[in-house]
Amino acid sequence: KLVSREYREADTIIEINGVQIGGPSLVVMAGPCSIEGREQLLSTAEAVKAAGATILRGGAFKPRTSPYSFQGMGEDGLKLLAEARELTGMPVITEVMDTEQVDLVAEYADILQLGARNMQNFALLKRVGRTRRPVMLKRGLSSTVKDWLLSAEYIMAEGNQAVILCERGIRTFDDHSRGTFDLSVVPVLRELTHLPIIVDPSHATGRWQSILPMSRAGIASGADGLMIEVHPNPAEAWSDGEQSLLPERFVELMEQVERIADAM
Ligand code: PEP
Ligand code: MN
């Protein structure tokens, strides 16, 4: 299989505008859960860049559990994301939820994110496999490693080899946090696949108090990088405020994880 170490022995390194994902340097994707407006996105983008983040995240099409929750700014959000990229020089990542949105999102985004809820949306996997944009595939809420890698295979089988895997927590019996952050999957993935591995403690734990320690653990586990939600005013965030870090806490996170990455 194309995902396997047998097929390709060396780690895959994906390069976007000089930023390498899967190489020796730490990659941190940070930004708000949802794009809420120009000031919110641009101020967060400047703050995470100053702290050392290399890729800007921000959702414009949001997979919300409730149909009555904020669904995202759509194309207006994508335009703000493009403006933030222009301003900061950071590549941007955003979620695409539907085959019909792929061309639109690919116009604005440097990396297409496939969310946990769409990990086995096979039509969408095939469709992003026919674009030239790198794809970050988040692990499904109850997916085994085998399911996950076969979903990556769907993308690669269509010709797109630039796939990034993202562990974002899975459903287990316990509810002390939003999900169970399965960091023990990292060394297993390292053996099975050459693809870059990102870990997302924000969606995995759902609690800002857990983000610093679990980011340290994520880098120590051997992941190539992190995805972190940051918001200038988490209490007022339109989505995922409870798990979003204030910019000043994100600065502290970067200092700590950089030290761990350097020591590895
Ligand atoms: C996100 O990263 O914005 C998101 C919705 O994550 P997940 O698909 O992991 O729930
Ligand atoms: Mn979120």
Is segment 163-175 home to any residue that is among the aliphatic types (A, V, I, L, M), within 14 Å of ligand 1 (Cβ to nearest atom) and in a loop (DSSP other than H, G, I, E, B)?
no
The number of residues in segment 209-246 that are surrounded by 20 or more Cβ atoms within 10 Å (Cβ to Cβ) and either modelled with pLDDT under 95 or assigned to a helix (DSSP H, G or I) (or both) is 6
Residue list for segment 7-27, filter: farther than 16 Å from A162 by Cβ and either within 16 Å of ligand 2 (Cβ to nearest atom) or not aliphatic (A, V, I, L, M) (or both)
E9, P24, S25
Where E9 falls short, out of the listed (1) within 25 Å of S215 (Cα to Cα); (2) in a loop (DSSP other than H, G, I, E, B):
(1)
Hey, R117 away from ligand 2 (no atom under 16 Å from the Cβ) and under 17 Å from the mean Cα position of the chain (by Cα) or not
no
Quick check: is even one residue across segment 201-208 within 12 Å of ligand 1 (Cβ to nearest atom) and part of a loop (DSSP other than H, G, I, E, B)?
yes
Answer residue from segment 129-155, given it is crowded, with 20+ Cβ neighbours inside 10 Å and among the aliphatic types (A, V, I, L, M) and is nearest to the chain's Cα centre (by Cα) among those:
M136
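Table: residues versus (1) within 16 Å of ligand 2 (Cβ to nearest atom); (2) closer than 18 Å to P201 by Cα.
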residue: L2; (1), (2): no, no
residue: R5; (1), (2): no, no
residue: G37; (1), (2): no, no
residue: V48; (1), (2): yes, yes
residue: G72; (1), (2): yes, no
residue: E75; (1), (2): no, no
residue: T88; (1), (2): no, no
Can you pull out every residue in segment 89-119 that is out of contact with any strand residue (DSSP E or B) (no Cβ under 7 Å at 6 or more places or on another chain) and hydroxyl-bearing (S, T, Y)?
T99, Y108
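The values are calculated or read from the model by the stated rules, or taken from the named source; none is laboratory data. Keep in mind that this is a model prediction, so the values were computed, not measured. Here the Cβ is made from the backbone with ideal geometry for all residues, glycine too, and neighbour counts use every protein chain on show.
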